[in-house]
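Here the structure comes first, spelled out in structure tokens, and everything after it is commentary.
Only the coordinates and a few stated rules stand behind these numbers; no lab work does. This is a predicted model, so every value here is computed, not measured. Using ideal geometry, Cβ is built from the backbone for each residue, glycine included, and neighbour counts are taken over all protein chains shown.
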Amino acid sequence: MFKQFFINEKNMMMAIAINSIIIFLLYFPQIHEANHSLYKGLEYVDLIFVLVFLIEAIVKIKHLGFKTYFKDNWNVFDFFIVVVSLPALLSFIPFFAAPHTSFVKILRLGRMVRLFRFLSFIPRMEIIMVGLSRALKASVFVMIALIFLNFILALFTCHFYSDVAPEYFYDPAVSMYYIFQLFTIEGWNEIPQVVIEGHDEMYGEDASSLFAGATRFYFILVVLSGGIFGMSLANAVFVDEMTSDNNKEVEDRLEEMKVQINELKEMLRERG
């Protein structure tokens, strides 16, 4: 019974889910401030789960054998997470200086990565991963083109507007970040307004209609080229490659139906 519990994949998935909820609650400062004893209790429950996952690894290694256990990539991943979590158990040992709190929290976050094991329960996960890999490869050139566009526009924007809007375009690195933000259509209206107001403050007069119009037109071009066209193209390529397997299946079926229709036509001609 003891052995079967730890070998059963569903039981361990449930344990991972519960442990993740505990870790989620531990990051609420309200719990620590309002009820310290409850917070300490949750920490001890979290440490108990470290023991549970350690026992799981030991039982599975004994059941499957060392070589068979480590042939499974998920088992290798689980074993690594368990090993790096072991220092947290030192807090159970009386009169022993436990690791620094921040270090323990980092190890705790590492155990959250075990949630990725739930991906193995998604139907047709292998096909999805193949499609995802194909989509990433197909999108890489579009993404490289977007990076170059971001780089060029960041230099232009830094050159023209670094003085009037240093919080956005002080140097090329900061400028690249906010140009990418514009690619996502965020701040497309606020940033040009900040540039125009910065011009007013610097020169002590209202920006000319020519400067204001040119500024708005420039940022519209940035949004259109990077946000509307560039990001949309990247999404279109990605989605097309992800669904190409489904399209191929439909095409194969249509081709099969076409062959069958041609065969029926031949049979009708022979009878006629």
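Charges at C-beta only: +1 for Lys and Arg, -1 for Asp and Glu. How large is the resulting dipole of the stretch 125-271 about its Cα centre, in Debye rounded to 20?
The calculation lands at about 680 debye.
With θ set to phi - 60°, apply the Karplus curve 6.51 cos²θ - 1.76 cosθ + 1.60 along the stretch 6-18 and write out the HN-Hα couplings as whole Hz, x wherever there is a Gly or Pro.
Ordered by residue, 3J(HN,Hα) equals 7, 7, 5, 5, 5, 4, 6, 5, 5, 5, 4, 5, 5 Hz.
Grab the beta carbon distance between Ala17 and Phe141, set R0 = 45 Å, and tell me the FRET efficiency rounded to 0.05.
Efficiency, rounded to the nearest 0.05: 0.70.
When ranked by the protection proxy of mean other Cβ atoms within 10 Å per residue, highest first, what sequence do the peptides 253-266, 46-59 form?
46-59, 253-266
Charges on Cβ only, +1 for Lys and Arg, -1 for Asp and Glu, centred on the Cα centroid of the stretch 125-271; of Leu254, Phe211, Leu149, which one is farthest towards the dipole's positive end?
Farthest towards the positive end: Leu254.
Two decimals, Cα atoms only, Kirkwood Rh: what is Rg/Rh over the stretch 125-271?
With Rg and the Kirkwood Rh in hand, the quotient comes to 1.34.
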